[in-house]
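The values are calculated or read from the model by the stated rules, or taken from the named source; none is laboratory data. Just so it is clear, the structure is predicted and the values come from calculations on it, not from any experiment. Cβ placement follows ideal geometry from the backbone for every residue including glycine, while neighbour counts extend to all protein chains displayed.
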Amino acid sequence: MNKDLIAIFEYLEREKGIKREVVIEAITDSLRTAARKSVKGLGEKVTVEIHPKTGEIEVFTQKKIVEKVINPSEEISFEEARMFEPECTVGQWIELSIPPQDFGRIAAAAARQIIAKKLKGAERDVIYEEYRHRTGEIISGTVKRFIRGRTIVVDLGKVEAILPERNYPKLERYNVGDKVQALLHEVRDTDMGGAEVILTRSHPDFVSSLFTQEVPELHDKTVVIEKIVRDPGYRTKLAVRSYDPKVDPVGTCVGVRGNRIKNIIRELNNEKIDVVPFSEDPIQLLKNLLSPIDPKKVKVFEHKIWLLVADEEYPLVIGKRGMNARLIGQMIEKEIEVQKLTDYQKLLTIQMAELADSQEGAFDEKLKIEGVSGLINESLIGAGYETFRKFMQADPQEVTTRVPGVNYYDLADKLLEQMRKRKG
């Protein structure tokens, strides 16, 4: 019995999941190639047989029986053939057994190289078979070692997976032996002919899958995550919709006393998560994302949305390093521009003063601000602001004192828009 070969069969079956017949086929092909290269007098008709239970190897070659040998690799003389098979005749083919030791050291080395190559291909097929259909699934493993800096090799049991440095948040730190959960991102071929499993903890889909694990209503599609954006390690925003009017999508994802979302936050090392109701209307979705902050003004442009917010709310809307505004913009697919109320008011006052100093004759016409009621226009005129110019020259505080209930900056904004339309 070839105990070494049997041990290889058992190891590859147990540890790598490669079936014995696949291993035998690889070794058979290897030895056939090695035999042709290293044993003199062998032709193309070489057969290798390996017994799956004992590991015994038998190698055969076929030669044609001839009176006079011209091609030794394909032919054998009648006299020599009779030594193996006395009843043979000229013209027939004879199968000759070749002892394995005749392969020599070169044959063994060549066989090892080819076996390694073929087994890598077989291992790749096993990886594909087991993991390719699990893309998008969360799997667990153990940190085995680090390569190329912070890229992690994760032991999944039968195979090793790769968690590239770019695929997990910069704030996360791991040590050899740590347990790690990640999303199976892809299975891809390597340059060496193998295959590798690529994991990620930074992709938004990782958070989606964590929610699906934690929230049964997401698993059965009663509640759906319509949009999700993420700055890994810092903040995730997701918009959810319920297809059952009796089910609150946000409350369902958060859970009673926040128990569901707390488990996810813990797995993400305290990354902030915002869950909001989804809306097909971008402006309503924007308001949901900003809640409880209520913008003073919202202006929508082709590729941008401009927000005016109170000074104390500005840092909350912008977020650290502009992250919150950037994520909101990704959710509604428009750039977000945020302005403080005091900055906006200063700018309006300057623009009104600049207009008042111009020689535009139309500014001396009777005041009539479009978009406001006739009563407000009459109240402004009655307070001494008979013309556009006089209103432009007025002090904001003075206007609100003389005409109680009006917002000077709203009026100034409408007036500036009115003048822009006239020029346009």
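What to note about this one:
- Subset of the range 289-318 [in contact (Cβ under 8 Å) with a residue 24 or more places away in the chain and surrounded by 18 or more Cβ atoms within 10 Å (Cβ to Cβ)]: Leu289, Leu290, Ile305, Leu307, Leu308, Val309, Tyr314, Val317
- Residues (touching a strand residue (DSSP E or B) at 6+ places or on another chain (Cβ under 8 Å) and in a helix (DSSP H, G or I)) located in the range 30-39: Leu31, Arg32, Ala35, Arg36
- Taking each residue of the range 44-70 that is over 24 Å from Leu5 (Cβ atoms) and free of Cβ contacts under 8 Å to residues at least 12 places away in the same chain and looking for partners that are part of a strand (DSSP E or B) and of a type in the set (A, V, I, L, M) with beta-carbon atoms closer than 9 Å, six or more apart or interchain, yields Val69/Ile76.
- Checked against (1) buried (at least 17 other Cβ atoms within 10 Å of the Cβ); (2) assigned by TED's automatic domain parsing to the domain that holds Gly141, Val207 passes all but a single condition, namely (2).
- Residue check for Ile350: within 30 Å of Gln397 (Cα to Cα), among the β-branched types (Val, Ile, Thr), surrounded by fewer than 14 Cβ atoms within 10 Å (Cβ to Cβ) and out of contact with any helix residue (DSSP H, G or I) (no Cβ under 6 Å at 6 or more places or on another chain): yes
- The range 314-424 holds helices (runs of 4 or more DSSP H) entirely within its bounds, and those carrying 1 or more residues that are outside the structural domain of Leu290 (by TED's automatic domain parsing) map to 341-356, 374-382, 388-393, 396-402, 408-423.
- Top-ranked residue in the range 177-193 [being at pLDDT 95 or above and among the aliphatic types (A, V, I, L, M); ranked as surrounded by the most Cβ atoms within 10 Å (Cβ to Cβ)]: Ala182
- Across the range 316-359, the number of residues qualifying as within 18 Å of Val276 (Cβ to Cβ) and of a type in the set (Gly, Ala, Ser) comes to 3.
- Residue within the range 245-264 that is surrounded by fewer than 18 Cβ atoms within 10 Å (Cβ to Cβ), of a type outside the set (S, T, N, Q) and assigned to a strand (DSSP E or B) present: no
- Within the range 191-225, considering residues that are touching a residue at least 60 places away in the same chain (Cβ under 8 Å) and in contact with a Lys or Arg (Cβ under 9 Å, 6 or more places away or on another chain), the one nearest to Asn263 (Cα to Cα): Val207
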